[in-house]
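Some notes on the structure that comes next.
The values are calculated or read from the model by the stated rules, or taken from the named source; none is laboratory data. Values in this document were obtained by computation on a predicted structure and should not be read as measured data. With ideal geometry, Cβ positions are generated from the backbone for all residues, glycine too; neighbour counts draw on all protein chains shown. Heads up: the accessible areas ignore ligands, DNA and RNA and are worked out on the full protein's heavy atoms, side chains in. Shrake-Rupley method; radii C 1.70, N 1.55, O 1.52, S 1.80 Å.
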Amino acid sequence: MHEFSLASAIVEQVKEIIEEHKAIRVKKISISAGPYELIIPDLLQDSFKIITDELEKFRESVLELIRKPARITCLECDYNGEPDSEGDEEFAFNFKCPECGSRDTHIDRSYLTIESVDLELPS
Amino acid sequence: MSQEKKISVRETVYKKNDDLAEEIRKNMKNKGKLFFNIMGSIGAGKTLLLENLAVKLSTHYRVFVINGDIATTIDADRIAKHGVKTVQINTGGGCHLNANLIAKELEKINIDDFDIFFTENVGNLICPAAWDVGAQMNIVVVSITEGEYVVKKHPIIFKDAEIAIINKCDLDGLGFDSQVLEEDASKIKSGMKVICTSAKTGQGIDDFIEALGIEIPRDE
Ligand SMILES: Nc1nc2c(ncn2[C@@H]2O[C@H](COP(=O)(O)OP(=O)(O)O)[C@@H](O)[C@H]2O)c(=O)[nH]1
Ligand SMILES: [Mg+2]
Ligand SMILES: [Zn+2]
């Protein structure tokens, strides 16, 4: 299960940030991802809960997932932007160029990114 | 009393993995080694293809194969029969290999004792796509018994691959069709090297080796 590794990676990275800022706990973690990341939000949330269950620094932490739109760069015609709004009638994921119809596109994976964290700090 | 603070991070969760993968890739390149990552579903024929490669390559090259699997050493044992060195990484439920797992295995050996490295990634067409293992080339294997929609359903993993292997072509026409898979794989990426193979009969294995850029000196 892909979401479990991702949730673990998020927690590991946030642990370092907590450490660095000597925070009491993290209240909220905002992450973003595009559609090509193939994330099932519920599975990600469940994994996050399981991993942080016993972790004092993650008590009542909220994981917020911000969806980013798909972005492609066409290798045929250099178009850059969202894929064809008509969708792709053949492939399960849409990375088709709206300008020339090519699927030979570079996809911006909009890799799962930790955008920000809200920390509770000692005063 | 405590205070609250929002920290802007803006870093992908893959950053550590990507950095380490890049380091592995550079190190291998500097040493003149080849490193290939083979991905594909369970049962696509990754292990049997690697057995074929082992037979052909081991007479001229020192080959090291890293097998990723949820459990068991069956695949590594199968490949090791053909005179190459293998190691099995059990991911214990993890659905993909990553750079850290590879780095740990490479630390245990002397890289200079080998010429060509392969990974057989964990059988899966989704998860391995995002986790760079540090290979110089990615290969995706699908087999025609997975049905005619397998590429259409899982196109993303092909975006980072240079070679698409359509395996089990010995069953072509026997209720299975290689042509649509070949066409789909070519549509995802121009310049994709699409090769029909049979790990059972050996069909296409030489083309596969050529696509990997490996030369086999002709026997005298
Ligand atoms: N007919 C046929 N069977 C194959 C071929 N390649 C693999 N197999 C069989 O498919 C099954 C799965 O192969 P394996 O190499 O273990 O797949 P892996 O899970 O991708 O490593 C085994 O029973 C193989 O003998 C092929 O090209 N043709
Ligand atoms: Mg196998
Ligand atoms: Zn275009």
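Which shape class, rounded, prolate or oblate, goes with chain B when its Cα gyration tensor gives a ≥ b ≥ c as root eigenvalues, a/c under 1.5 marks rounded, and past that a/b bigger than b/c marks prolate?
oblate
Enumerate the amide H contacts of B:ASN67 below 5 Å, restricted to partners 5 or more residues apart or on another chain; note that Pro and chain-start residues carry no placed amide H.
B:VAL87, B:GLN88, B:ILE89, B:GLU120
Among A:SER85, A:THR73, A:PRO35, flag the residue with its Cα farthest along the positive direction of the charge dipole of the range A:15-94, charges on Cβ as +1 for Lys/Arg and -1 for Asp/Glu.
Result: A:PRO35, furthest along the dipole toward the positive end.
Among the lysines, which have Cα under 20 Å from the Cα of A:LYS57 when same-chain residues fewer than 8 positions away are ignored?
Once the sequence-local lysines are set aside, what remains near A:LYS57 is A:LYS15, A:LYS22, A:LYS27, A:LYS28, A:LYS49, B:LYS5, B:LYS6.
In sequence order, what are the phi-derived ³J(HN,Hα) couplings for the range B:200-208 according to the Karplus relation 6.51 cos²θ - 1.76 cosθ + 1.60 with θ = phi - 60°, rounded to whole Hz, with x for glycine and proline?
Rounded to whole hertz, the list is 7, 9, x, 4, x, 5, 5, 5, 4.
Defining a contact as two alpha carbons under 8 Å apart and six or more residues distant in sequence, what relative contact order in percent does the range A:55-123 show?
Relative contact order comes out at 28 percent.
Where the only charges are on Cβ atoms (+1 Lys, Arg; -1 Asp, Glu), what is the dipole of the protein assembly as shown about its Cα centre, to the nearest 20 debye?
Dipole of the protein assembly as shown, to the nearest 20 debye: 880 debye.
Charges at C-beta only: +1 for Lys and Arg, -1 for Asp and Glu. How large is the resulting dipole of the range B:3-82 about its Cα centre, in Debye rounded to 20?
340 debye
Taking Cα pairs under 8 Å and at least six residues apart, what relative contact order does the range B:3-211 come out at, in percent?
23 percent
Sorted from largest down, what three extents in whole angstroms do the Cα atoms of the protein assembly as shown have along their principal axes?
The Cα atoms of the protein assembly as shown stretch 82, 51, 35 Å along their principal axes.
Which residues, if any, in the range B:152-166 have at least 10 Å² less accessible area in the whole protein complex than in the isolated chain, probe 1.4 Å?
Listed by number, the residues meeting the 10 Å² cut-off are B:LYS152, B:LYS153, B:PRO155, B:ILE156, B:LYS159, B:ASP160.
Relative to the present Cα-Cα distance, how much length would full extension add between B:THR201 and B:SER8 at 0.36 nm per residue of separation?
My answer for the length gained is 63.9 nm.
Taking the Cα centre of chain B as origin and charging only Cβ (+1 Lys, Arg; -1 Asp, Glu), how large is the dipole, in debye to the nearest 20?
Dipole about the Cα centre, nearest 20: 720 debye.
Just to be sure I understand: if you take the accessible area of chain A alone plus chain B alone and subtract the pair, with a 1.4 Å probe, what total do you get in Å², rounded to 100?
3400 Å²
Express the accessible area of the range B:3-211 per residue in Å², computed with a 1.4 Å probe while the remaining protein chains stay in the model.
42 Å²
Under the classification rounded if a/c is under 1.5, otherwise prolate if a/b is larger than b/c and oblate if not, where does chain A fall, given a ≥ b ≥ c as square roots of the Cα gyration tensor eigenvalues?
prolate
Would you mind computing the Rg to Rh ratio of the range B:42-107 from its alpha-carbon coordinates, Kirkwood style for Rh?
0.97
What is the percent carbon and sulfur in the accessible area of the range B:45-100, measuring with a 1.4 Å probe over the protein chains and ignoring ligands?
54 percent
Of the trypsin sites (Lys or Arg not before Pro) in the range B:142-220, which ones lie in a loop per DSSP and count no more than 13 other C-beta atoms within 10 Å?
Answer in residue order: B:ARG218.
List, by residue number, every residue in the range B:1-20 with a reduction of 50 Å² or greater in accessible area between the chain on its own and the complete protein assembly, 1.4 Å probe.
B:SER2, B:GLN3, B:GLU4, B:LYS5, B:LYS6, B:ILE7, B:VAL9, B:ARG10, B:VAL13, B:TYR14
Hey, quick one: spin label on B:GLU22, modelled 7 Å out along Cα-Cβ, who in the range B:128-167 has an amide N within reach, i.e. under 15 Å?
B:132-135
Residue by residue through the range B:113-118, what is 3J(HN,Hα) from phi via Karplus (6.51 cos²θ - 1.76 cosθ + 1.60, θ = phi - 60°)? Round to whole Hz and write x for glycine and proline.
Taking θ as phi minus 60°, the curve returns 6, 10, 10, 10, 10, 10 Hz for the range B:113-118.
For the range B:16-97, what's the relative contact order in percent, using C-alpha pairs closer than 8 Å and at least 6 residues apart?
24 percent
If one takes the longest principal axis of the Cα atoms in chain A, at what angle in degrees, from 0 to 90 and to the nearest 10, does the Cα axis of helix A:2-21 lie?
Helix A:2-21 and the main axis of chain A meet at about 50 degrees.
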